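Where a number appears in this text, it was derived from the coordinates with a stated rule and is not lab data. Everything quoted here is computed from the prediction, not taken from an experiment. Glycine also receives a Cβ, built like all others from the backbone with ideal geometry; neighbour counts cover every protein chain displayed.
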Amino acid sequence: MEATVSNTGTEGKVWGGGNKPLNASYGKMMMWFFILSDALTFSGFLAAYGFSRFKFIDSWPIADEVYNHFPGLHGDHPMYFVALMTFILIASSVTMVLAVDAGHHMDKKKVTFYMFLTIIGGAIFLGSQAWEWTNFIQGYYGAVETKGGQILQFVDADKKDSHDKMLRVYVDDFVTASHKERVQHESKKGLWFVSEPALPEYSVQDVITGFNAHPNLAVRTQELMPNIAELEASTNPADVAKAERMKSMYVNTDQTGQKGVLNRAASEKALKDAVVYVKGANLIHNEYGNRLFGDFFFFITGFHGFHVFSGVVINIIIFFNVILGTYERRKNNYEMVEKVGLYWHFVDLVWVFVFTFFYLV
Amino acid sequence: MAHDHGHTEHKLAIFRGRLKFKSNVQKIWGVLIFLSIITIIEVAFGIFKPAFLVDNYFLGMKLLNWVFIILTLVKAYYIAWDFMHLRDEKSSLRRAVVWTAVFLIAYLLFILLQEGTYIEGVKANGFIKWDF
């Protein structure tokens, strides 16, 4: 049944809503202003990330050491996976523009086809992000956290890679599991209104016992090695003192920009402050370093992933509308495809920035 | 009725008119190739990290990071101008969207990064160790 429309005789006139101030229809202009406000939300997130990062500039985790997995490959492969995700998203952006262009030519078949490809691209991207999150949450090597919230990781002082960097060691490989006194309390076993989160797999004592039994191990802190030669040459006594302190604790003072590795004595001393074994990441602890690092990862990539998800859902709705011929009947034809297209490109645009600030910089 | 809904014609030249395309579809593929090249350059820099760019600083940030940020802005420009066809919109719409964002974001970044640097200084030079 046709909807009843009463004509007022003012259609197309300025005060009848027929005016297009910026030569864009109402819907398109509002989509632009929505995108603008959403862009400000994202920049709020990214600026907060920058704030925290500048605050902890001398101890922020090194992205290449955190995101170094690639499906089906073992070992260190930084960059490849995110680069792939970036290409997937840019490619799905291209199919979206092609759909918009086909819409301008009223080519229903092509619009359908390109919308379909766009949806597939979005779905692959979401899957990739899920995989990335899984790796991040499950973790890899394990670490201990100190009272002050610092993360201590473990390396093998005898094994070095081609850049002379000491190789990380899995806590699983050296830990000495002790008898466990405590099991996780579950509400079904006792007081039903009392619960507690899962207990760490190992106690700190297990880790320390294992560490003491392996003289080749050393503790790697979060501190990034400054240029020691430059500090020593400085006229500021505080800089000279800092260089002195670094040289008395760390063995890799020549590796500027790398995480500091403590000598054996300093390692044992640092482990005395350890309070909890951490593997993987949640919103409170993460094995990669600063607590905020995990939080920002979850919030920003999560917020972006949510945008991609809503984009895919909207694209699916539009896709079926295209098949049903909704836009062939509309006065403004395929403009709706153009409007969701804008949203979809925006999601791509945000990813370009997330890619830079999380993985490159 | 196919072409009477009044959308503006596409501007088919990029790089300030130095590169002209024959059709909109051709331009889309051209921009894709350009964006891919930039991404490949970024990834290559990210993997090889040239010592010159890592060891030298400008305004307190490594040259390498400046390169990444500039390349990102270039990418953002072409996504907005060609994929989101801001190039074909009226300049008034373009300005309403882009300038608003640019000014507000630049202000926000300045405030927060300045403050972050200050707190880092307190942490490094003051008597407070870590936890705030």
Inset, instruction - With r as the distance between the Cβ atoms of A:Thr134 and A:Gln205 and R0 = 41 Å, compute the FRET efficiency 1/(1 + (r/R0)^6) and round to 0.05. - result: 0.85
Inset, instruction - Straight distance only, please: which lysines reach the Cα of B:Lys11 with their own Cα at less than 18 Å, same-chain residues fewer than 8 apart left out? - result: B:Lys20, B:Lys22, B:Lys27, B:Lys90
Legend entry - In nm, spacing of pseudo-spin labels at B:Glu115 and A:Glu186 (7 Å Cα→C-beta vector): 4.5
Inset, instruction - Show me A:302-308, A:149-155 ranked by packing, highest mean number of other Cβ atoms within 10 Å first. - result: A:149-155, A:302-308
Inset, instruction - Scan around A:Val278 for amide H atoms under 5 Å from its own, H built in the peptide plane at 1.01 Å from N, and keep only partners 5 or more places away or cross-chain. - result: A:Ala143, A:Val144, A:Glu145
Inset, instruction - Take every residue in peptide A:348-357, count the Cβ atoms of other chains within 10 Å of its Cβ, and give the average of those counts. - result: 5
Inset, instruction - Take every Cα pair under 8 Å in the range A:76-122 that's 6+ residues apart, average their separations, divide by the length, and report that relative contact order as a whole percent. - result: 42
Legend entry - Within the protein assembly as shown, percent of DSSP bridges classed antiparallel, to nearest 5: 100
Inset, instruction - For chain A, calculate the relative contact order in percent as a whole number, restricting contacts to Cα pairs under 8 Å that are 6 or more residues apart. - result: 23
Legend entry - Residue list for the range A:28-48, given a label point 7 angstrom along the Cα-to-Cβ vector of A:Asn332 and an amide N cut-off under 14 Å: A:28-34
Legend entry - Spacing of the two label points (7 Å from each Cα toward its C-beta) at A:His214 and A:Arg245, in nm: 3.0
Legend entry - Full-stretch length increase - A:Phe306, A:His179 - with 0.36 nm per residue and alpha-carbon distance subtracted: 41.4 nm
Inset, instruction - Averaging sequence separations of C-alpha pairs under 8 Å and six or more residues apart, then dividing by the length of chain B, give the relative contact order as a whole percent. - result: 18
Inset, instruction - Would you list, by chain and number, the lysines whose Cα falls below 18 Å from the Cα of A:Lys272, excluding same-chain residues fewer than 8 positions away? - result: A:Lys147, B:Lys129
Legend entry - Inter-probe distance in nm under a simple model that places probes 7 Å from Cα toward Cβ, at A:Ile284 and A:Ala233: 4.8
Inset, instruction - Once you have the Cα-Cα distance between A:Ala265 and A:Asn23, take 0.36 nm times their residue separation minus that, and quote the gain in nm to one decimal. - result: 80.0 nm
Inset, instruction - Once you have the Kirkwood Rh of chain A from its Cα pairs, apply Stokes-Einstein at 4 °C and 1.567 mPa s and quote D in µm²/s. - result: 53
